[in-house]
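Student: Structure below; questions to follow.
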Amino acid sequence: MSEKRYLHLNLVANDINLHQGAYGNEQAHGIPARSTFERLLEYGRFGDEGLFTALFVGDIPGMQGSPAFDGGPAEPITALTAISQHTKHVGLIATASTTFYDPYNLARLLASLDQASDGRAGYNAVTSVIDDFALNYNLVRHLDREERYARADEFLQVLRGLWDHRELRRDPDGLTRFYATPINHRGNLFQVTGPLNVAPSRQGRPLIAQAGGSGAGIRVAAKHAEMVFTNSSTRDTAAVYRETLDKALAEQGRSPGSVPAIPGLIPYLGRTAKEAEEKLHELDSHVDWAPIAPFALGQFGIQIPVGDINEAFPVDLLPRPEDVEKTIKSTFGNYVGLYNWIQERPGVTVRDVVAQAVGRGGATHRKFVGSYDDLVDDFAAWHSDGNVGGFNLMFSAGAQSIREFIDEVVPRLIDRGIYRGTPHDRPLRERF
């Protein structure tokens, strides 16, 4: 009998994904200020308590403005290594750039996280996109999309080779010793001899995740990933993505359906849909929308002049995704999600677009506004379709909204039979 299929819910542990009014809202409600690292440890505790499959920590490898909205976050691998000592079950997925790192160095760091967490580590491979960040990493310019993904492909080959060419072996004298062999990789971009000098954890090597949205990204995901993050905002687009990914998996000799797709979601919740709307509008009231308007499309390298934020958005100036797939400056899937969202809402205002793209958190991922029961029904429908493995959850108001989700939604999901009622005790790779 096959194992029962449950939803995987990952908790995104980055304040950069909060609603832009979250800190003001906390202050208005008398919630004590916490340091950046205290907030990270808070995410870890929620990860275990809420039975989340994994914590997901994204990375922005540079400063996007001063003061920093997210408090100046710790580097993901360092942060998760610390969190590993305060958690028992939740997986720990760190983001790092294949453009800015060296593969041997990153292999050591992630293998060390895997040891520290007893086989709960994962790696989210990204290529990075922002030109100013490239200048921080000894590059004179950022690589274009094809160059970035060619580098990512070979980078992951090296990473896996280093991880796979090592083992812990019990010798005839009864002692367990660490053995590793060279990989002697001689590629177009990397020359790495090996072996890796960090012993494996009980899961062997970290899980590999990737956010494959463009054609090049999907090809890399199909070749290397064991889980992919997506920006599917509707069940129909999730089905299309599942079909596209399965075709790419088959071309790589892998089984269709073997790599779960995990779309992002930002829930705004209440006992009723009206209460959820009121909470959203309260958060909105703490935001000065005009200063952040340029970032709505600027994050993609697209400059569209906009006037009053209450005016209609100039939809006719918005480029089609297929026209900018190779030149887009941020995650292609995020742009597709925003483009579709705008097209589905005739008469949408500039303020609405800014709120969806930036202000209400979670980049351009789907925002859900409704009651606890509404969200459970929504999750059940997506789960029944079978096109996603779960959701990457970003919470608009941080601790307040995570606490609410754990208290009100998690028990309902368990009762519905689509969410585990006990903690994961298997290594992270085996969970997915």
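The values are calculated or read from the model by the stated rules, or taken from the named source; none is laboratory data. Bear in mind that the values here come from a model prediction, so they are computed numbers and not experimental data. Using ideal geometry, Cβ is built from the backbone for each residue, glycine included, and neighbour counts are taken over all protein chains shown.
Student: Residue under question is Leu245, and the condition is that it be in contact with a Ser or Thr (Cβ under 7 Å, 6 or more places away or on another chain) and modelled with pLDDT of 95 or more; does it hold? I'd like the intermediate steps shown before the answer.
Tutor: Working: in contact with a Ser or Thr (Cβ under 7 Å, 6 or more places away or on another chain): no; modelled with pLDDT of 95 or more: yes.
Against the criterion (in contact with a Ser or Thr (Cβ under 7 Å, 6 or more places away or on another chain) and modelled with pLDDT of 95 or more), Leu245 does not qualify.
Student: Would you confirm whether or not segment 187-206 contains a residue that is closer than 15 Å to Pro260 by Cα, touching a residue at least 40 places away in the same chain (Cβ under 8 Å) and of a type in the set (S, T, N, Q)?
Tutor: Here is the first cut: in segment 187-206, the residues closer than 15 Å to Pro260 by Cα are none.
For segment 187-206, residues closer than 15 Å to Pro260 by Cα, touching a residue at least 40 places away in the same chain (Cβ under 8 Å) and of a type in the set (S, T, N, Q): absent.
Student: Please verify whether Asp352 is under 30 Å from Val129 (Cβ atoms) and surrounded by 18 or more Cβ atoms within 10 Å (Cβ to Cβ), treating the condition exactly as stated.
Tutor: Numbers: under 30 Å from Val129 (Cβ atoms): yes; surrounded by 18 or more Cβ atoms within 10 Å (Cβ to Cβ): yes.
Against the criterion (under 30 Å from Val129 (Cβ atoms) and surrounded by 18 or more Cβ atoms within 10 Å (Cβ to Cβ)), Asp352 qualifies.
Student: Could I ask something else about it? Tell me which helices (runs of 4 or more DSSP H) are completely within segment 358-432 and hold 3 or more residues being touching a helix residue (DSSP H, G or I) at 6+ places or on another chain (Cβ under 7 Å) and in contact (Cβ under 8 Å) with a residue 60 or more places away in the chain, or say none if there are none. Before the answer, list the steps.
Tutor: Numbers: elements: 372-385, 399-404, 410-416, 428-431.
Per the criteria, 372-385.
Student: Please work out which residue is modelled with the highest pLDDT, limiting yourself to segment 196-222 and to residues that are over 22 Å from Gly91 (Cβ atoms) and surrounded by fewer than 18 Cβ atoms within 10 Å (Cβ to Cβ).
Tutor: Asn197
Student: Those residues that are within 14 Å of Ser396 (Cβ to Cβ) and under 16 Å from the mean Cα position of the chain (by Cα), I need them from segment 14-42; list them, please.
Tutor: Within segment 14-42, Asn14, Asp15, Ile16, Asn17, Leu18 meet the criteria.
Student: Another question, then. Which of the helices (runs of 4 or more DSSP H) found entirely inside segment 285-351 contain at least 1 residues meeting this: of a type in the set (A, V, I, L, M, F, W, C) and more than 16 Å from Thr364 (Cα to Cα)? If you could, list the steps in order and put the result at the bottom.
Tutor: Details: elements: 289-298, 321-324, 332-343.
Because the criterion is at least 1 residues that are of a type in the set (A, V, I, L, M, F, W, C) and more than 16 Å from Thr364 (Cα to Cα), the helices (runs of 4 or more DSSP H) in segment 285-351 that meet it are 289-298, 321-324.
Student: Next up: Only one of Leu51, Leu7 is in contact with a His (Cβ under 6 Å, 6 or more places away or on another chain), of a type in the set (A, V, I, L, M), more than 30 Å from Glu154 (Cα to Cα) and at pLDDT 95 or above. Can you tell me which? I'd like the intermediate steps shown before the answer.
Tutor: Values: Leu51 fails: in contact with a His (Cβ under 6 Å, 6 or more places away or on another chain).
Sole residue among the options that is in contact with a His (Cβ under 6 Å, 6 or more places away or on another chain), of a type in the set (A, V, I, L, M), more than 30 Å from Glu154 (Cα to Cα) and at pLDDT 95 or above: Leu7.
Student: Being loosely packed, with under 14 Cβ neighbours inside 10 Å, closer than 24 Å to Thr364 by Cβ and acidic (Asp, Glu) is the filter here; which residues of segment 238-277 pass it?
Tutor: Answer for segment 238-277, where residues must be loosely packed, with under 14 Cβ neighbours inside 10 Å, closer than 24 Å to Thr364 by Cβ and acidic (Asp, Glu): just Glu243.
Student: Continuing with this model, one more query. Applying the selection to segment 304-324, what residues are within 29 Å of Val126 (Cβ to Cβ) and modelled with pLDDT of 80 or more?
Tutor: In the first step, residues of segment 304-324 are kept if they are within 29 Å of Val126 (Cβ to Cβ); the result is 304, 306, 313, 317-324.
Passing the criteria: Phe313, Leu317, Leu318, Pro319, Arg320, Pro321, Glu322, Asp323, Val324.
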